[in-house]
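The values are calculated or read from the model by the stated rules, or taken from the named source; none is laboratory data. Treat the numbers as computed from the prediction; the structure is a model and nothing was measured. Heads up, the Cβs are rebuilt from the backbone with ideal geometry, glycines too, and the neighbour counts pull from every protein chain shown. Ligands, DNA and RNA are stripped out before the accessible areas are found, and what is left, the full protein with its side chains, is counted by its heavy atoms. Shrake-Rupley method; radii C 1.70, N 1.55, O 1.52, S 1.80 Å.
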Amino acid sequence: MNWFSKLVPSRIRTDASTKKGVPEGLWSKCGNCQAMLYRPELERNLMVCPKCDEHMRMGARLRLKTFLDEDSGEEIAAGVEPVDVLKFRDSKKYKDRLVAAQKNTGERDALIVMRGRLKGAGVVSAAFEFSFMGGSMGSVVGEKFVRGVNAAIEHREPLVCFSASGGARMQEALFSLMQMAKTSAALARLSDHRLPFISVLTDPTTGGVSASLGMLGDLNVAEPRALIGFAGPRVIQQTVGQTLPEGFQRSEFLLRHGAVDMIVDRRQMRDTLASVLAMLRGEQQQSA
Amino acid sequence: MNPNFLEFEQPIADLEAKIEELRFVGDDSEVNISEEIARLEAKSRSLTESIFSSLSAWQVAQLARHPRRPYSTDYIEHVFTDFQELHGDRVYGDDPAIVGGLARLRGRPVMVIGQQKGRDTREKLHRNFGMPRPDGYRKALRLMTMAERFGLPVVTLIDTPGAFPGIDAEERGQSEAIARNLLEMSRLRTPVLCTVIGEGGSGGALAIGVGDRVAMLQYSIYSVISPEGCASILWKDSAKAQEAAAAMGITSARLLELGLIDQVVEEPLGGAHRDPEAMYRTLGDYLFNSLQELDTLDIRGLLDARYERILAHGNFRESA
């Protein structure tokens, strides 16, 4: 390190030599402002950068743990596992991809569903694990989502889903496409029972998940600056052959075009959704 | 090369050319060549049968996209009568990539809705190559709920490379439009028949593809992503489309075997475009008979069966 580098504050140093010495897992770098953040601190702040408010991606378990009242969550359909009936193989076998993803994430597939409480009120909540094959929706995701809907109907509780997904899981071919119909049909039943569904769209939610359960909320809520859309930006760029407008397919763009009801900071998510759900329940409040 | 024939059909094209030639000479020749023509025609027929009995998924994809294949408007014109086209989503515009309206199927009034690719360049551009925008899906939903109100069955014809991936489509909520149709079609209180007539491209196809019976014409395809798209993402090479087509299992025979569709509607030898009249008759029969079968169910039975069908799709195992 030369004399000049020493003068530069550590959090704006980005060259390879400084990355080297960082112990794995203890520090995270903010993708937006490059600040080095102490991981436990960052998790306490719900994976939101305290320096620039960037909403970083968040694992499904941490999401549900921090969204539901402390220790209230009980997992639904935890034992549902993927099977490769097509024996699909591209450059790798789907079976091997599954094993690798399961090893990396410790999850069986890309959706976790729990029944728990939000500020005391019962709620069923689902969260996509983006690090499991891009949060892609295959048969297991579809089935677990439907089980979540069924639990909500059985207990007459609302459903809140945090999506983060690149879309359908190609390795399950048409079975994955049919999960769009399956999850949407289940949501029709939920709506027939007059139970609320809140869809929280987090970065990124595209393709088959956005074009099914993602956009079907009674309320669609987005986290700040999340990428949300049907087609990926690269595909659109190739199709239209022009530069995409600034902020295209970000939460703020969707709010402007009427696709989402509100953008909510992750740190206000519990308060906001609890308030909305209480009103949808028709709960009266003593006027001050 | 004869543009009427695909690459793998060239041996048939060569035979057909020979037959044409013989017919031409036949007029001023003394030799009786009608026997020879008959022999070659029989040969051409058996050659076609043998080629078509073992098509690869990729070859079927080429047939499904054949430029002479009948499109939705052809079926609407020849399978149905009294078609009254209805336009517009009542919100933004009228999307020519989806055609819909009232029509009679052998006398019986129905609502027919189909994706339309366009035959020549001008029509292709007008129809956006059969890639609907949100306005198209919302028009389809408007017509479907109208059909529900007046107790008319809904017949959809699926033929699209996919929903349009464009800036305006995103601005007007492509995802929401597709999702809304999936939800509403699952509980539409009238019989819904969906048939893939050519290309069933992903969510853009499914958005008019949820119903009581999902059928495919024999040489149509249905997939979560185009073989080219799948190849470029998973193999990082769009030239691997043939492998991707095979791996995904996009043909009617395979999807029937997997239980993902209910019926394969047989095509004339060589494909629908070789004998459109025969295709119109077969499809008309299938649609008419299916509606009569569904008539025997009351609305609750119809909706429960539809729901169970939709929820049955998927493979997983469950451990403790």
- Hits in the stretch B:194-243 - residues which are in contact with a Lys or Arg (Cβ under 6 Å, 6 or more places away or on another chain) and either farther than 21 Å from B:Met131 by Cα or within 12 Å of chain A (Cβ to nearest Cβ) (or both): B:Asp212, B:Ala231
- Note on the structure: Being surrounded by fewer than 24 Cβ atoms within 10 Å (Cβ to Cβ), under 19 Å from A:Met215 (Cβ atoms) and under 17 Å from the mean Cα position of the chain (by Cα) narrows A:Gly135, A:Gly142, A:Gly148, A:Gly166 down to just A:Gly166
- Message: Out of everything in the stretch B:1-39 that is outside any helix (DSSP H, G or I) and over 38 Å from the mean Cα position of the chain (by Cα), what residue ends up being modelled with the highest pLDDT?
- Response: B:Ile33
- Message: Scan the stretch A:61-77 and tell me whether some residue there is within 9 Å of chain B (Cβ to nearest Cβ), touching a strand residue (DSSP E or B) at 6+ places or on another chain (Cβ under 9 Å) and closer than 28 Å to A:Gly148 by Cα.
- Response: yes
- Counting only strands (runs of 3 or more DSSP E) entirely within the stretch B:71-161, those with at least 1 residues that are among the polar types (S, T, N, Q) are B:81-85, B:108-115, B:154-160
- If you check B:Ala207, B:Ala244, B:Ala231, B:Ala177, which single one turns out to be crowded, with 21+ Cβ neighbours inside 10 Å, touching a Pro at 6+ places or on another chain (Cβ under 8 Å) and over 30 Å from B:Met146 (Cα atoms)? B:Ala244
- Within the stretch B:91-108, the residues that are farther than 18 Å from B:Ala169 by Cβ and surrounded by fewer than 16 Cβ atoms within 10 Å (Cβ to Cβ) are B:Arg104, B:Arg106, B:Gly107, B:Arg108
- Message: Considering only the stretch A:181-197, I want to know if a residue exists there that is assigned to a helix (DSSP H, G or I) and under 23 Å from A:Pro224 (Cβ atoms).
- Response: no
- Message: Need pairs with beta-carbon distance below 8 Å; first residue more than 7 Å from chain A (Cβ to nearest Cβ) and within the stretch B:304-320, second in a strand (DSSP E or B); sequence gap 6+ or separate chains.
- Response: B:Arg306/B:Val192
- For the stretch B:247-258, how many residues are open to solvent by 30 Å² or more (accessible area, probe 1.4 Å) and more than 10 Å from every other protein chain (Cβ to nearest Cβ)? 3
- Query: Which residue pairs have Cβ atoms under 9 Å apart, sit 6 or more places apart or on different chains, and have a first residue in the stretch A:184-198 that is touching a residue at least 12 places away in the same chain (Cβ under 8 Å) and within 12 Å of chain B (Cβ to nearest Cβ) and a second that is open to solvent by less than 10 Å² (accessible area, probe 1.4 Å) and aromatic (Phe, Trp, Tyr)?
  - Reply: A:Ala186/A:Phe145; A:Leu187/A:Phe145; A:Leu187/A:Phe197; A:Leu190/A:Phe197; A:Ser191/A:Phe197
- Task: Residue by residue through the stretch A:225-277, note down the ones that are open to solvent by 40 Å² or more (accessible area, probe 1.4 Å) and of a type in the set (Val, Ile, Thr).
- Result: A:Val235, A:Thr239, A:Val240, A:Thr243, A:Ile263
- Selection within the stretch A:219-251 - of a type in the set (A, V, I, L, M), within 12 Å of chain B (Cβ to nearest Cβ) and more than 14 Å from the chain's Cα centre (by Cα): A:Ala231, A:Val235, A:Ile236, A:Val240, A:Leu244
- Mind checking which residues of the stretch B:183-198 are open to solvent by 20 Å² or more (accessible area, probe 1.4 Å) and within 24 Å of A:Met215 (Cβ to Cβ)? B:Glu184, B:Arg187, B:Arg189
- Message: Six or more apart or on different chains, Cβ atoms under 6 Å: show the pairs whose first residue is in the stretch B:289-303 and farther than 9 Å from B:Asp212 by Cβ and whose second is open to solvent by 90 Å² or more (accessible area, probe 1.4 Å) and not in a helix (DSSP H, G or I).
- Response: B:Ile299/B:Arg189
